[in-house]
Amino acid sequence: MQSCDTADTTTAGVSPPTGSIPPPPPQPVATSPPKSSRPRATSAYLNSPTSILPVSIPAWNSEASSSALRNNQHILENISHIMKSFCPLLSVSSIDDLDVKQLGGGLSNTLYLINGLQEGQAVSCLIRVHSEEDVLVERETECSIAGYLSEKGIAPRFFGRFQNGRVEEFYEGHVPLGHLDMSPTPAQLASPSAPLSYAYHIYDLMSSFHSLPPPPCLSPSPHGTIYAKTDKWIALCEGYMSSSSGSGLSSKVSSKLEPGTYEGMKSLWSSVSSSLLLPPANAWEEYSRSVRFCHMDLQSLNILRHSPSSSLSVKLIDFEYACLNPRFADVGNTWCECCDFNNGRADMEKEYPRGETARWCIRRYVEASGGATVEEMAEGAGVEVGVMLDGLVEEARKFSVATSLAWCFWSFVQEEVSAVEFDYLKYAR
């Protein structure tokens, strides 16, 4: 998604604290051996999203008052209790045994980086405290998917869940990609089959993700969930309508949009979604619309690389929007993320995959999926290879439009409910 909902992924070792918690007394953590990104866990909460520790973490209070200090001390005490429960091998007799930092960047979670000692070795993990305004994310499903992917070794390790959040692995020594890393380099295009770019590995991971059996928590969906979910977001938009607006959207949002913008988006969504829901008329539509387990948020901040760069391999994080969808909904959404939406400087004309770049992305995805090649698909359909390839590219573009509209409606809802200071409407435009 062209979304900063998952900008909290900058916490994978690179984002500076924005609201630092007063540090505990000096610890041996600072002089201990290099950190391990994965503390050993032996608790019954490991990879078990249905087992919930009956503890919650309140919102951090930055006020200079006695009530704020009591509240924040309660947070630290609960963090200590959570860590002792989920990672019993950690040396935690009190909060002073842990180094706790609040990290910046999260728009749907409050994030705490926890450093501690396990059998004399320094280890780190991440605490995610979910937002109270969870009208856009189904947390039960998200936690179930996080546990499922953790068990398969695809996601950060799921240490355990508490009442309003979870503890997971922190990928030490990794940083997010930039948006330019999402596209193949000139060297990659010159040698299409060689692993010469991050993009090569992104399509490897995407195809591997799509090949996974759906998590048990997801109900079968013949067309995918993007259509019903986007309609739900539109309904949420209109649920915030004020009596003075008359536009189907609250005055808080509609007053900042050009007249007719929202109605035009709704009309375009209706047209695009109706077209994509028609029965496939050819081989490329049948292929691109086949439903798979999709990440649906493969933006640069959710794809991590080693730092310093020692290889081109990447890791995926943040699975809040993972669901069953047409496979090219993931491809089309990822193409949009080749543009700099996260910094509000997207240039669709220059950055969106086109021509040779788009064709390479399609070929790489199809090849990584391990089924028939583009040539074999074309032969089976009785068409030229170029016709098949162009048809697949066009399908990806259609899904780019569909997913872009979905995130626009998502942004309108965030503008209404989010307490985070962020220009969601600028992002949507």
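The set of residues in region 54-75 that are among the aliphatic types (A, V, I, L, M), part of a helix (DSSP H, G or I) and open to solvent by 100 Å² or more (accessible area, probe 1.4 Å) contains only Leu69. Among the residues making up region 148-177, those that are over 25 Å from Leu312 (Cβ atoms), crowded, with 19+ Cβ neighbours inside 10 Å and not β-branched (Val, Ile, Thr) are Tyr148, Phe158, Phe159, Gly160, Arg161, Phe162, Asn164, Gly165, Arg166. Taking region 379-427 as the search range and keeping residues that are under 18 Å from the mean Cα position of the chain (by Cα), of a type in the set (A, V, I, L, M, F, W, C) and open to solvent by 10 Å² or more (accessible area, probe 1.4 Å), which one is farthest from Arg363 (Cα to Cα)? Going through the qualifying residues, I end up with Val420.
Just to verify a result, which residue in region 299-311, among those that are polar (S, T, N, Q) and farther than 15 Å from Leu205 by Cβ, is surrounded by the most Cβ atoms within 10 Å (Cβ to Cβ)? My answer is Ser307.
For the structure I just gave you, tell me whether Gly264 is at positive phi, open to solvent by 10 Å² or more (accessible area, probe 1.4 Å) and either touching a residue at least 60 places away in the same chain (Cβ under 8 Å) or not hydroxyl-bearing (Ser, Thr, Tyr) (or both). No. Applying the criterion of being in contact with a Leu (Cβ under 9 Å, 6 or more places away or on another chain) and in a loop (DSSP other than H, G, I, E, B) to the residues of region 325-347, the residue that is most open to solvent (accessible area, probe 1.4 Å) is Asn342.
Considering region 195-210, and only residues there that are of a type in the set (Ser, Thr, Tyr) and assigned to a helix (DSSP H, G or I), the residue that is farthest from Arg289 (Cα to Cα) turns out to be Tyr198. Starting from residues that are in contact with a His (Cβ under 8 Å, 6 or more places away or on another chain) and open to solvent by less than 10 Å² (accessible area, probe 1.4 Å), keep the ones in region 287-298 and report whichever is nearest to Pro213 (Cα to Cα). Once the filter is applied, the top-ranked residue is Phe293.
Taking the criterion of being in contact (Cβ under 8 Å) with a residue 60 or more places away in the chain and either open to solvent by less than 50 Å² (accessible area, probe 1.4 Å) or assigned to a helix (DSSP H, G or I) (or both), would at least one residue in region 236-244 satisfy it? There is at least one residue in region 236-244 that is in contact (Cβ under 8 Å) with a residue 60 or more places away in the chain and either open to solvent by less than 50 Å² (accessible area, probe 1.4 Å) or assigned to a helix (DSSP H, G or I) (or both). Considering the conditions (1) open to solvent by less than 10 Å² (accessible area, probe 1.4 Å); (2) under 21 Å from Pro195 (Cβ atoms), Ala322 is excluded by exactly one of them, (2).
Return the residues of region 348-368 that are open to solvent by less than 50 Å² (accessible area, probe 1.4 Å) and of a type outside the set (Phe, Trp, Tyr); say none if nothing qualifies.
Glu351, Pro353, Gly355, Thr357, Ala358, Cys361, Ile362, Arg364, Val366, Ala368
List, please: which pairs have Cβ atoms under 8 Å, are six or more places apart or on different chains, and start with a residue in region 271-286 that is open to solvent by 70 Å² or more (accessible area, probe 1.4 Å) and of a type in the set (Asp, Glu) and end with one that is modelled with pLDDT of 95 or more and assigned to a loop (DSSP other than H, G, I, E, B)? Once the first residue is open to solvent by 70 Å² or more (accessible area, probe 1.4 Å) and of a type in the set (Asp, Glu) and sits in region 271-286, its partners that are modelled with pLDDT of 95 or more and assigned to a loop (DSSP other than H, G, I, E, B) give Glu286/Pro280. Within region 211-235, being in a helix (DSSP H, G or I) and within 18 Å of the chain's Cα centre (by Cα) holds for Ile226, Lys229, Thr230, Trp233.
Mind listing whichever residues of region 275-317 are of a type in the set (A, V, I, L, M) and assigned to a loop (DSSP other than H, G, I, E, B)?
Leu277, Leu278, Ala281, Met296, Leu298, Leu312, Ile317
Take the residues of region 353-372 that are assigned to a helix (DSSP H, G or I) and of a type in the set (D, E, K, R): which is farthest from Met206 (Cα to Cα)? Applying the filter and picking the extreme gives Glu356.
Do we have Glu132 as more than 18 Å from Gln163 (Cα to Cα) and among the acidic types (Asp, Glu) here? It is false that Glu132 is more than 18 Å from Gln163 (Cα to Cα) and among the acidic types (Asp, Glu).
When Ile79, Ile95 are checked against the criterion of being modelled with pLDDT of 75 or more, under 30 Å from Val417 (Cα atoms) and of a type in the set (Val, Ile, Thr), Ile79 stands alone in meeting it. Considering only residues that are assigned to a loop (DSSP other than H, G, I, E, B) and surrounded by fewer than 21 Cβ atoms within 10 Å (Cβ to Cβ), look in region 178-194 and name the one that is nearest to the chain's Cα centre (by Cα). Step by step, filter region 178-194, then rank; the result is Gly178. Considering only region 100-115, I want to know if a residue exists there that is without any contact (Cβ under 8 Å) to a residue 60 or more places away in the chain and over 17 Å from Glu168 (Cα atoms). There is no residue in region 100-115 that is without any contact (Cβ under 8 Å) to a residue 60 or more places away in the chain and over 17 Å from Glu168 (Cα atoms). Filtered by the rule that a residue be in a loop (DSSP other than H, G, I, E, B) and either modelled with pLDDT of 90 or more or crowded, with 22+ Cβ neighbours inside 10 Å (or both), region 132-147 gives a lone residue, Glu138.
The values are calculated or read from the model by the stated rules, or taken from the named source; none is laboratory data. These figures come from a predicted structure and were not determined experimentally. Heads up, the Cβs are rebuilt from the backbone with ideal geometry, glycines too, and the neighbour counts pull from every protein chain shown. For the accessible areas, the whole protein counts, side chains as well, though only heavy atoms, and no ligand, DNA or RNA atoms are used. Shrake-Rupley method; radii C 1.70, N 1.55, O 1.52, S 1.80 Å.
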